[in-house]
1. How far apart, in nm, are the 7 Å Cα→Cβ label points at residue 53 and residue 112?
2. Most exposed first by the Cβ proxy, i.e. fewest other Cβ within 10 Å, how do 55, 124 rank?
3. How much length is gained on full extension from residue 36 to residue 215, taking 0.36 nm per residue of separation minus their Cα-Cα distance?
4. Counting other beta carbons within 10 Å of each residue's own, what order do 191, 178 fall into, fewest first?
5. Taking the Cβ-Cβ separation of residue 187 and residue 45 as r and a Förster radius of 30 Å, what is the calculated FRET efficiency to the nearest 0.05?
6. Under 1.5 on a/c is rounded, so check that first for segment 156-216, then, if it is not, pick prolate when a/b is larger than b/c and oblate when it is not; a ≥ b ≥ c are the square roots of the alpha carbon gyration tensor eigenvalues.
7. Looking at segment 86-213, what % of its DSSP beta bridges pair antiparallel, to the nearest 5?
8. Subtract the Cα-Cα distance of residue 138 and residue 174 from 0.36 nm times their separation in residues, and report this length gain in nm to one decimal.
């Protein structure tokens, strides 16, 4: 027995095997610790992402402005959401420009409609031109006196580049009818306040307009 013990102690290969076995156990524990640390880091990162997304969703406006219009028979037609995803084509631009010209030049008999028209004009113009357009509205109301001024849009067409359009219309007051035209320069803004979206869903803001009466 003593000889076998001496052989085992003096056997270099056996000692290496014992050492390699210990190294394997130590390496397993190190790899296991690294794996759990990586999982913890990934979990913390996922929690941070979820927290940030939750905060973003909580702070979003839950109210969406819907856009409607009335047809000639008075029926309400749903157009869509008043967002940038709303498809803005030339037909929609022409519709909005027609609303603007009518709000600017028409003098209805109903006081509520008058206030609505003035509000529409103010929410569709550059603040720099508001003073001039307010004078124009006062001039229309003075010209109408106790009568109405009705506006019929005859043509709307874009100029080259699309940022300016030519609008033609006829104004009827009492028995008199006059033809008018103007070039409207505007800009489509991406960010529009919710209260503005109700009358200006596509963010069309007029930068320049000078109506002129057609003599002929």
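Coordinate-derived values only; no laboratory data. Bear in mind the structure is a predicted one, so any value in this text is a computation, not a measurement. In this analysis, Cβ positions are derived from the backbone assuming ideal geometry, glycine residues included, and neighbour counts consider all displayed protein chains.
1. Computed distance between label sites residue 53 and residue 112 equals 4.6 nm.
2. Values: 55 9, 124 22.
Ascending number of Cβ neighbours within 10 Å: 55, 124.
3. Details: separation 179, 0.36 × 179 = 64.44 nm, distance 8.58 nm.
Full extension from residue 36 to residue 215 adds 55.9 nm.
4. Values: 191 7, 178 13.
The most exposed by this proxy come first: 191, 178.
5. Numbers: r = 42 Å, r/R0 = 1.40.
The computed FRET efficiency comes out at 0.10.
6. Values: a/c = 3.49, a/b = 1.72, b/c = 2.03.
Oblate.
7. Numbers: 26 of 27 bridges.
Roughly 95 percent of the beta bridges in segment 86-213 run antiparallel, per DSSP.
8. Numbers: separation 36, 0.36 × 36 = 12.96 nm, distance 1.82 nm.
The span from residue 138 to residue 174 would gain 11.1 nm if fully extended.
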